[in-house]
Each structure stands twice: as structure tokens, then as C-alpha cells.
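Take a look at the structure set out below.
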Amino acid sequence: MAGAYKTEAITNQAFFGLGNVGSALLDRLGTTDGDFSQSLQVTPADSLGALGSTAQGPQADIELTIETKSGVEVDITLHSGADGMTVSEHSSGKLSAAEQSALGNLSGAFQDAINGLTAIPPTLDLSGLTQFDPSVLASVHLQSNVTGEQPPQPIQSIDFQANSATRTVTVGGTAGTLNVNVDTAESAILGNRAQQAAAIADYLKQFDEADSRGRGDASFMAMFKDAFTQMLSGSDTSPSQSLPGTTYAPSLAEVEHAMLTGLPDFNASITDAAQSTNPMRLSEQDTFSYQVSQSTDIEGNQQGGTITQKQQSHLIASYHESLTGMPLALTSKMNSQTYDYVQINDTANSTTEIDNENGKLVKASLSQSADQSTRDSKYEMGELVSDITTPAEESQSRDLLALLRPFYDGRQVEQDSGKWQQALSSLHDMIFLQPNPADLSANSSESI
């Protein structure tokens, strides 16, 4: 520990001594039982001046709690800062060989998470922790509080939890807050890995468009995209799990899956820290708040059933924009008060409804809507000269079953598998949210 701490102090790394400690602690649990603790106390001089004579600087407190299926709880805590370093691990009971192995297998993932949290700028690297062995481990819980002394400010807090039914991560800091909550309990709605990857890519594109339209914090949105991708990627598919009414016609399951995103249900949000950038009108804040969700309702049995999947998004944002083409610098002086204050309120919805009876697809419909509202308040030399709200909306409903009829008749699927797979891929592309009314209108005439 002393060697690692001083080596990393010499190179001015932000959080000294954490480079390999996390993985070493879990590796230890993978080979031996028993509690362990160790600490290293230093004076400002011991840190070779890397933190300055005030002994103030970055600090990281990280805790990993893992519960096994048998009920044993393992707790690992790490602290690193100007005052030194402390590590400990505690187990509430004796671990079996399988439990020790499962913990050891997470050592690299734990270290990846630590490295990301303590980097400047910080990153999220939680994918490995989501891939714990659910047959041996019941849950994984990572908590972290990190503070920094210079921009870009690291993450201040993170709370990640995963078990057999849910995955969730919450991040809070000077940039704002974000949350991603995923329901992994219903495996029947999951598509294959290729379908899931395509769905995530579509959502990431939506996030970029929302961030651009609302002038959000690009770096914080990048972290939100990482959190979304890591929480939803790698959700196990269960080929043996049938959707209602698909038992008598296996090909119907493929059709129905093409009409769903292939992702587990989720609820995600990001809110940037509000800023008052105009000293003459403090109520005009620069804000960005975005929410997106998916929920799926499945009813029925082997004789028949219904599936309803809803996707929703909501963007609320506001920002100041220059009217002169010059960089905007709002002050208390009237000659700086020429600008446009833009307020945005957008919603989008997409609902897929599927009915089948006795193994036969009898209904498949898609309903989508997009509403955008943009309010432009223009000021010249502090005087309001224009205040216009521009609405835009579009909605449409489509009969997805009718789009498939050239390829599908009753229970018989056209034997040209290339065309059939292309049709299913095109169908899958249609079902996602279309937040821009113009795009929704343009896509209304598309066929497969």
C-alpha cells in the first residue's frame, strides 16, 4: 500500500493507492476466508508535495457490498485522500468454494469501476459488475463518494445496485443528477443480442438529439449514455421463454419480437444543474431535464394473449442564445441584454399492441405521437421585442399486420428467408420513438 500510494503521488494521480487494491481484495476473498483491514497514515510531506502543503485535495470513499444466495454478506470499503489510505473487508459468514470463486471472478470488474470513478474526468465502467453469477450471488451494491479540487469535477456520488430482478444506478454531482432503473425480471420480452444492440443504438441517437435541441451538458449526457448502455446491455435472453399464444406457431414469436424493442423495461432520467446566467433576469435559468421509459404489459396463456409495449420521452429545457452572432456575455449592463431566451417542452410516445388467438396473430398495431413546443422570447437592449410560442405535433397509427401480409399468411411464412428477415428488421426500426414531428410525418408512408 505504501509503495502504491507514493508511486501514484509522484505521478500526481488523483487518488493514490487505489490502482490495484480493489481487485486484490476480491482476489483475496477468492482464495481465503476471514476479515482483513489495513491503513496507511501520511503527513503532507509524505505525499511528496503532490497535494500541496494544506493537505487538502481529492478524496475517494468506495464501498462494495455483495450478498450471496446463502445469505452471507461481504463488505469491502476503501478510502484514499490526503490523509492516507484505509482498506477493509468483512464477511458475515463462511464462504463456500463456489461463493469464493464467484467473488474472485468480479475482481477485475470492481477494479474497472474504481478506475473509472477516480479518473479525471470520471467515467462509468459498471458493465462487469452487472455480470455476476446469479446462481451463487444474490446482489451487488456499489456506493462511492468522490470529491476533487480542480475542474472537471469528478463524480460526487454514485449508487449502483443489481440483483436478479433489477439494475439501477444513480449519479449525483456538480453537473446534475442521472438515474437509470432497469427491470430484468421479465425475460420473455428480450430480443437477441443483435436486436438489443440496435435498440440501444436507436436510443443513444435520441439522447444526442435531445441534448442538441435542449443545449444540455454534452459531457454529462455522455455519462448518461454510458449508464444507459451498461445497465441495459447483456440482458440474458431466454429462447425457451414463450410469449403468450406462441406455443402453436414458433414463427410467431419471431414476428412478435420484431414488434418489440428487445430491451427490458426501464425508466431513465437526466437533469443538468440549473444555472442563472443573466444577472438582470435571474428567473431565466438555463435548464435541461430529460426522461425516457419503456413499460410492457403481457396477459394471457398458451391459448392466446396480448402484449402492449409503451415507450415515452419528455424533454424540458431552456437556454440563452445570442442574436448578434457574437458570443453571449450577459451582465448587469443594458448593452449586453440582446439575446433570445428559448424554452422547450417536448413529448413523444410509441405504443405497440399485439393480439393472438390459438397461436395465430390476429392484430398488431403501432400508435405514435410527437409534440414539440418552442417558446422564443427575444430581447434587444433589455426590451422584450418578441415572444412567440411555436407548437408542432404529429400522430399516426399503423396496422403492422397489414405490412406483413405480403410475406405472411396465417401460419405460413414466405420461404425466402432473406426477404423475411429484412421485413422483420424494417418492422423493428419503425416502432421506436420519433420525437421530431417532421420525422414522424416523413416516415408515415414507409412500407417494408
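Exactly one residue out of 200, 158 is in contact with a strand residue (DSSP E or B) (Cβ under 6 Å, 6 or more places away or on another chain), closer than 18 Å to residue 229 by Cα, modelled with pLDDT of 90 or more and of a type in the set (A, V, I, L, M): that is 158.
Counting the residues of the range 203-225 that are touching a residue at least 40 places away in the same chain (Cβ under 8 Å), part of a helix (DSSP H, G or I) and not aliphatic (A, V, I, L, M) gives 10. Just one of the listed residues (217, 265) is modelled with pLDDT of 95 or more, surrounded by 15 or more Cβ atoms within 10 Å (Cβ to Cβ), under 30 Å from residue 364 (Cβ atoms) and among the acidic types (Asp, Glu), namely 265. Examine the range 196-204 for a residue that is among the aromatic types (Phe, Trp, Tyr), surrounded by 20 or more Cβ atoms within 10 Å (Cβ to Cβ) and closer than 23 Å to residue 136 by Cβ, and state whether such a residue exists. Looking for residues that are among the aromatic types (Phe, Trp, Tyr), surrounded by 20 or more Cβ atoms within 10 Å (Cβ to Cβ) and closer than 23 Å to residue 136 by Cβ, one finds none in the range 196-204, hence no. Look at (1) part of a helix (DSSP H, G or I); (2) in contact with a helix residue (DSSP H, G or I) (Cβ under 7 Å, 6 or more places away or on another chain) and you find that residue 420 fails only one, number (2). Of all residues in the range 175-202, exactly one satisfies the criterion of being assigned to a loop (DSSP other than H, G, I, E, B) and under 16 Å from residue 124 (Cβ atoms), namely 175.
Annotation note: Cβ proximity below 7 Å between a residue of the range 101-117 that is crowded, with 22+ Cβ neighbours inside 10 Å and of a type in the set (Phe, Trp, Tyr) and a residue that is modelled with pLDDT of 90 or more and not in a helix (DSSP H, G or I) (sequence gap 6+ or interchain) occurs for 110/64. A count restricted to the range 57-73 and to residues that are touching a Gly at 6+ places or on another chain (Cβ under 9 Å) and closer than 13 Å to residue 137 by Cα stands at 5. Among the criteria (1) within 19 Å of the chain's Cα centre (by Cα); (2) surrounded by 16 or more Cβ atoms within 10 Å (Cβ to Cβ); (3) under 29 Å from residue 297 (Cβ atoms), the one residue 129 does not fulfil is (3). Note on the range 56-100: residues that are of a type in the set (S, T, N, Q), crowded, with 16+ Cβ neighbours inside 10 Å and free of Cβ contacts under 8 Å to residues at least 40 places away in the same chain total 1.
Taking each residue of the range 14-35 that is at pLDDT 75 or above and looking for partners that are part of a loop (DSSP other than H, G, I, E, B) with beta-carbon atoms closer than 7 Å, six or more apart or interchain, yields 26/106. Within the range 306-341, the set of residues being surrounded by 19 or more Cβ atoms within 10 Å (Cβ to Cβ) and either part of a strand (DSSP E or B) or not assigned by TED's automatic domain parsing to the domain that holds residue 176 (or both) comprises 307, 309, 311, 313, 315, 317, 318, 319, 320, 339, 341.
The values are calculated or read from the model by the stated rules, or taken from the named source; none is laboratory data. Everything numeric in this text was worked out from a predicted model, so none of it was measured. Quick reminder, even Gly has a Cβ in these numbers, built from the backbone with ideal geometry, and neighbours come from all protein chains shown.
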